Amino acid sequence: MTTISGTTRLYALLGDPITQVRAPGLLNPVLARRGVDAVLVPVHVPAAALPEVVAGLRQVANLDGMLVTVPHKAALLHLADRATDRARLAGSVNALRREPDGTWSADTFDGDGFVRGLVAAGHDPRDRRVCLVGAGGAGSAIVVALLDAGVAALHLADTDPIRLAALGGRLSAAYPGRVHTAPRPRLADADLAVNATPVGLRPADPAPFPVAELPAWAVVADIIMSPAETPLLRAARARGLAAHPGEPTLSHQIDAYLDFFRL
């Protein structure tokens, strides 16, 4: 375990809520094993306070980076000094790095982690039909990564028409003919159905879409990491469908985070 001292470099994980995050428990042991004098700490930041908190964190001289979770991934894109093309296409980021000149660069790794986790579990999305619910920060990054991974068609659903239209427009321009948007999910012919919303974080949450409408061969994925078995995954398993939990999305991002932060 890392011994925190006056030389320890800091990384902050921003979110609201924050109690469900798993990244500190996964990343800090890796830093300790590598002998890196750094620690990742969770920081609970309500949305209204985000600009002020980020402005303050940027002034903390021994803070080298930030990770971002619900609901701040889209907002942090606009608070960074620069971002990668894939982050701008997604409209969200989940990691920011302080550069030697004091500016902040941003990228998104949710999509890469999700796709790598799927492939490792034997669910390669190439040439598959995908239905994804949630056009927010994580969902937008996952959509971009799935399209880059070669899915045949992607049906994107979200209850926010403005957010859905904005993301759908960017994606349709970048991936002509492969992206379809609607307020309700298209499930009947989906090979892979993904929940990329926060629905399922609370025990009383309903399933974000009805698994009964999916074909018998479909894979159901949820990006929520805690609880490990969400109502959606429970319903999928009860119907005999393959269920893919949220934890692999994070665990397959660890190496990318280390590279991004130059650790």
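The values are calculated or read from the model by the stated rules, or taken from the named source; none is laboratory data. These figures come from a predicted structure and were not determined experimentally. Glycine gets a Cβ as well: all are built from the backbone with ideal geometry, and neighbour counts include every protein chain shown.
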**OP:** Please verify whether segment 49-69 includes one or more residues that are of a type in the set (D, E, K, R) and surrounded by 23 or more Cβ atoms within 10 Å (Cβ to Cβ).
**Re:** no
**OP:** Evaluate the following for Ala138: is it of a type outside the set (Phe, Trp, Tyr), on the phi < 0 side of the Ramachandran plot, outside the structural domain of Leu67 (by TED's automatic domain parsing) and not in a helix (DSSP H, G or I)?
**Re:** no
Original post:
Name the helices (runs of 4 or more DSSP H) wholly within segment 219-263 that hold at least 1 residues that are farther than 18 Å from Ala190 by Cα and of a type in the set (Phe, Trp, Tyr)?
Top reply: 254-260
**OP:** Taking Val21 as meeting all but one of (1) assigned to a strand (DSSP E or B); (2) in contact with a Gly (Cβ under 8 Å, 6 or more places away or on another chain); (3) farther than 30 Å from Ala165 by Cβ, write down the number of the exception.
**Re:** (1)
Original post:
Which of the residues that make up segment 145-198 are among the polar types (S, T, N, Q), part of a loop (DSSP other than H, G, I, E, B) and under 18 Å from the mean Cα position of the chain (by Cα)?
Top reply: Thr197
Subject >> Test: residue in segment 95-117 that is farther than 25 Å from Leu31 by Cα and surrounded by fewer than 20 Cβ atoms within 10 Å (Cβ to Cβ) >> reply: no
Original post:
Can you name the number of the only condition in (1) touching a residue at least 24 places away in the same chain (Cβ under 8 Å); (2) closer than 26 Å to Gly134 by Cα that Asp64 fails?
Top reply: (2)
Original post:
Of the residues that make up segment 199-221, is at least one of a type outside the set (A, V, I, L, M, F, W, C), under 30 Å from Val30 (Cβ atoms), modelled with pLDDT of 95 or more and surrounded by 15 or more Cβ atoms within 10 Å (Cβ to Cβ)?
Top reply: no
**OP:** Would you check which residues across segment 123-145 are out of contact with any strand residue (DSSP E or B) (no Cβ under 6 Å at 6 or more places or on another chain) and surrounded by fewer than 24 Cβ atoms within 10 Å (Cβ to Cβ) and list them?
**Re:** Asp124, Arg126, Asp127, Gly136, Ala145
Subject >> Residues satisfying the stated conditions in segment 67-95, i.e. over 14 Å from the mean Cα position of the chain (by Cα) and farther than 17 Å from Leu167 by Cβ >> reply: Leu79, Ala80, Asp81, Arg82
Original post:
Is at least one residue of segment 62-69 at pLDDT below 95, in contact with a strand residue (DSSP E or B) (Cβ under 6 Å, 6 or more places away or on another chain) and under 18 Å from Thr249 (Cβ atoms)?
Top reply: yes
**OP:** Would you check which residues across segment 70-102 are hydroxyl-bearing (Ser, Thr, Tyr) and out of contact with any strand residue (DSSP E or B) (no Cβ under 8 Å at 6 or more places or on another chain) and list them?
**Re:** Ser92
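Condition check ((1) at pLDDT below 95; (2) closer than 19 Å to Ala75 by Cα; (3) in contact with a Pro (Cβ under 8 Å, 6 or more places away or on another chain); (4) of a type in the set (Gly, Ala, Ser)) across all residues:
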{"position": "Arg126", "(1), (2), (3), (4)": "no, no, no, no"}
{"position": "Val143", "(1), (2), (3), (4)": "no, yes, no, no"}
{"position": "Val151", "(1), (2), (3), (4)": "no, no, yes, no"}
{"position": "Leu154", "(1), (2), (3), (4)": "no, no, no, no"}
Original post:
Going by the structure shown, is Arg22 surrounded by fewer than 18 Cβ atoms within 10 Å (Cβ to Cβ) and either of a type in the set (Phe, Trp, Tyr) or within 30 Å of Ala174 (Cα to Cα) (or both)?
Top reply: no
